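Down below is the structure, laid out as structure tokens.
The values are calculated or read from the model by the stated rules, or taken from the named source; none is laboratory data. Since the structure is predicted, the reported quantities are computational estimates derived from the model, not experimental observations. Cβ placement follows ideal geometry from the backbone for every residue including glycine, while neighbour counts extend to all protein chains displayed. Protein only, heavy atoms only, side chains kept; ligands, DNA and RNA dropped before computing areas. Shrake-Rupley method; radii C 1.70, N 1.55, O 1.52, S 1.80 Å.
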Amino acid sequence: MEIKNADWYDLLQDTNWTPKYVTEEELFPPQLSDPYGIPVSEWETFDEPYKVTYRDYVKTQREKDVGAYSVKAAVSRVDFYKQADPGWKAVLQMHFGAVPFLEFGSVSAFARITRFGRGPGMRNMANFGTLDEIRHTQIQMYFAYEFLSVDRAFDWCQKGLNTDNWVIMSERHCFDDIEHTRDAVTSAVMLNFAFEQGFTNLQFVALSADAKRYGDFSFATMLQTVQSDEARHSQIGEPLIEILVRNGRKEEAQKLVDISFWRVWKQFSALSGIAFDYYTPLAHREFSLKEFVQEFVTTQFLRNLKALGLDKPWYWDEYFVPDVETYHHAQQIGIYMYRDTEWWDPIAGVSPQEREWLEKKYPGWNDTYGKVWDVITENAAKGRTERLTPTIIPVMCGMTGFELTGVAGSKWNVKDYTLDLDGRRYHFGSPVDKWIFEQDPARYKNYYGFTDRLANGMIPADEGLFEYMGMSPEERGTCGMGFKWADPVKRAA
Ligand SMILES: [Fe+2]
Ligand SMILES: [Fe+2]
């Protein structure tokens with residue numbers, strides 16, 4: 001007689017018991033487990049949407065790995081890479097330096113939820129999540145490793161995490177905040193719900209679609225296997241929020257979502273946004289960041305949020321919606337201009353045809369960001385390379401760690417939102433970033449961002465700045481196209 005999983009699953013997954021040798025408090029200290037004081041009987045109602053057994057889990061994961069590794073073995077990745085478009089190279093270099101270490105970080109976050117979560121179902125799912133994130137780290141490192149023989153940028157897959165490069169610092173500040181310095185409940189809301197449900201679709205589904213269109217099938221397949229895990233373990237957030245709301249903690253849950261959604265959005269906008277709208281070769285580009293956000297965030301995520309009894313974040317209409325059309329365009333200018341401080345070789349992505357595409361997807365682009373690119377293009381076309389490398393350090397936002405930006409050109413609106421505390425002035429790129437700081441000043445106030453460190457002499461100037469970031473001369477980004485993108489303009493002049 002065959003026994004179906006459903007017949008025994010509920011019985012076996014109930015792993016809460018009354019401890020004999022220590023107190024409940026010692027086993028689950030509230031500051032690591034649940035500072036919201038939800039009764040254990042409530043935690044036991046946690047009903048995981050995906051009911052997986054270890055045996056089934058291993059079988060499925062094995063199939064995924066076999067699929068991804070065999071596609072990889074079938075195509076010569078090195079030859080593919082050598083012939084790839086400079087924009088696609090930039091996508092790969094940036095992705096492999098920026099993403100795998102976050103996956104590695106997620107291992108510990110999931111392990112904390114596994115150990116300190118109060119709901120048996122929550123611990124179960126987080127346990128599989130821990131294994132998932134180990135796999136995500138390994139498979140991506142393995143794929144990056146192959147390119148090492150042809151491009152040093154892929155060193156950053158391992159090395160990046162341990163440096164104080166400004167992009168890495170920006171990522172760490174965000175993910176340390178939401179994943180690594182909070183109790184099991186809070187980090188699950190921030191990580192599983194706001195980050196994974198809100199945004200991983202963008203990096204893994206949308207980018208994978210672009211990869212497939214570009215013909216990078218092994219990268220596309222690898223991303224898909226990662227996202228299929230995300231789709232499962234990101235579900236920890238839903239029953240969790242239901243429990244919080246039902247137990248009178250809606251206000252707290254809402255605030256956690258509002259903080260983490262914004263923090264993660266800024267990272268995705270600046271990094272994935274540029275990959276979609278500037279780096280992906282035009283002929284293979286179908287959707288813009290704005291369209292991807294429309295589909296995955298504005299429609300799907302917002303629907304889930306409302307279904308769980310939460311509201312859209314307070315800043316949605318006033319700040320998030322306009323940000324989708326602006327933030328990454330401004331960041332792209334800075335990222336291209338300060339390219340020698342990055343491990344990848346950025347491209348400008350603003351040839352006449354690309355500008356046409358940008359204007360079509362973001363009406364008004366020519367009149368705003370286009371104006372800045374007019375000047376950069378002219379300098380590039382005339383070979384004034386000294387004007388293509390800024391020597392001043394920009395003011396950076398104390399929350400995002402990215403340059404303070406706004407809309408350029410005819411709609412200029414760049415503003416520094418400041419806050420004075422204990423004799424120190426903090427700078428923020430938006431009212432939302434400042435609001436996040438104000439929710440918990442003790443958490444953020446002792447941090448020194450990149451500009452702060454430069455201003456108070458913690459980072460040496462000039463060459464010392466690169467050493468501080470761990471960047472030898474060969475590791476510094478250069479224009480991925482060697483300024484050739486300005487050639488059509490040169491010819492026309
Ligand atoms: Fe992951
Ligand atoms: Fe994940």
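Any idea which residue in segment 209-226 is farthest from Lys82 (Cα to Cα), counting only those that are within 16 Å of ligand 1 (Cβ to nearest atom) and of a type in the set (A, V, I, L, M)? Out of the qualifying residues, it is Val226.
Evaluate the following for Phe96: is it farther than 21 Å from Ala270 by Cα, in contact (Cβ under 8 Å) with a residue 12 or more places away in the chain, within 15 Å of ligand 1 (Cβ to nearest atom) and of a type in the set (Phe, Trp, Tyr)?
Here the answer is no, as Phe96 does not meet what is asked.
Inside segment 63-108, can you point out the residues that are of a type in the set (Ser, Thr, Tyr), open to solvent by less than 30 Å² (accessible area, probe 1.4 Å) and closer than 30 Å to Pro29 by Cα?
Of everything in segment 63-108, just one residue is of a type in the set (Ser, Thr, Tyr), open to solvent by less than 30 Å² (accessible area, probe 1.4 Å) and closer than 30 Å to Pro29 by Cα, namely Ser106.
When segment 220-232 is limited to residues that are open to solvent by less than 10 Å² (accessible area, probe 1.4 Å) and under 17 Å from the mean Cα position of the chain (by Cα), the one that is farthest from ligand 2 (Cβ to nearest atom) turns out to be Leu223. May I ask you to list the residues in segment 109-126 that are crowded, with 20+ Cβ neighbours inside 10 Å and either under 21 Å from the mean Cα position of the chain (by Cα) or in a helix (DSSP H, G or I) (or both)? Matches in segment 109-126: Ala109, Phe110, Arg112, Ile113, Phe116, Gly121, Met122, Arg123, Asn124, Met125, Ala126. Please determine, by comparing only the residues of segment 138-157 that are open to solvent by 10 Å² or more (accessible area, probe 1.4 Å) and among the polar types (S, T, N, Q), which one is farthest from ligand 1 (Cβ to nearest atom). Restricting to residues being open to solvent by 10 Å² or more (accessible area, probe 1.4 Å) and among the polar types (S, T, N, Q), the top hit is Ser149.
Of all positions in segment 301-309, none carries a residue that is assigned to a helix (DSSP H, G or I), under 21 Å from Asp85 (Cβ atoms) and among the polar types (S, T, N, Q). Counting the residues of segment 307-353 that are more than 18 Å from the chain's Cα centre (by Cα), open to solvent by less than 20 Å² (accessible area, probe 1.4 Å) and of a type in the set (Val, Ile, Thr) gives 3. Take the conditions (1) under 18 Å from the mean Cα position of the chain (by Cα); (2) modelled with pLDDT under 95; (3) not in a helix (DSSP H, G or I); Ser272 misses just one of them, which is (3).
Only one residue in Leu131, Leu202 is modelled with pLDDT under 95, assigned to a helix (DSSP H, G or I) and within 16 Å of ligand 1 (Cβ to nearest atom), so which one is that?
After ruling out the rest, the residue left standing is Leu202.
In segment 158-198, the qualifying residues are those that are crowded, with 24+ Cβ neighbours inside 10 Å, of a type in the set (A, V, I, L, M, F, W, C) and within 16 Å of ligand 1 (Cβ to nearest atom), and the one that is farthest from Arg232 (Cα to Cα) is Met190. Filtering segment 440-477 down to residues that are in contact with a strand residue (DSSP E or B) (Cβ under 8 Å, 6 or more places away or on another chain) and assigned to a loop (DSSP other than H, G, I, E, B), which residue is least open to solvent (accessible area, probe 1.4 Å)? This residue is Gly449.
If you take the residues in segment 238-257 that are under 20 Å from Glu179 (Cβ atoms) and acidic (Asp, Glu), which one is surrounded by the most Cβ atoms within 10 Å (Cβ to Cβ)? Checked segment 238-257; the qualifying residue surrounded by the most Cβ atoms within 10 Å (Cβ to Cβ) is Glu238.
The set of residues in segment 354-404 that are open to solvent by 10 Å² or more (accessible area, probe 1.4 Å), out of contact with any Gly (no Cβ under 8 Å at 6 or more places or on another chain) and in a loop (DSSP other than H, G, I, E, B) comprises Pro363, Gly364, Asn366, Lys382, Gly383, Arg384, Thr389, Pro390, Thr391, Ile392, Ile393, Val395. Here segment 134-170 is the region considered, the condition is being not in a helix (DSSP H, G or I) and not hydrophobic (A, V, I, L, M, F, W, C), and the residue that is farthest from ligand 2 (Cβ to nearest atom) is Ser149. Looking at (1) under 27 Å from the mean Cα position of the chain (by Cα); (2) modelled with pLDDT under 95, which is the one condition that is false for Thr391? Every listed condition holds for Thr391 apart from (1). Of the helices (runs of 4 or more DSSP H) lying entirely inside segment 1-59, those containing at least 3 residues that are open to solvent by 80 Å² or more (accessible area, probe 1.4 Å) and more than 30 Å from Thr181 (Cβ to Cβ) span 5-13.
Out of curiosity, is Ser106 modelled with pLDDT of 85 or more and farther than 30 Å from Thr221 by Cβ? Taking the combined requirement at face value, the residue does not satisfy it. When Phe320, Phe296, Phe276 are checked against the criterion of being under 24 Å from Val350 (Cβ atoms) and among the hydrophobic types (A, V, I, L, M, F, W, C), Phe276 stands alone in meeting it.
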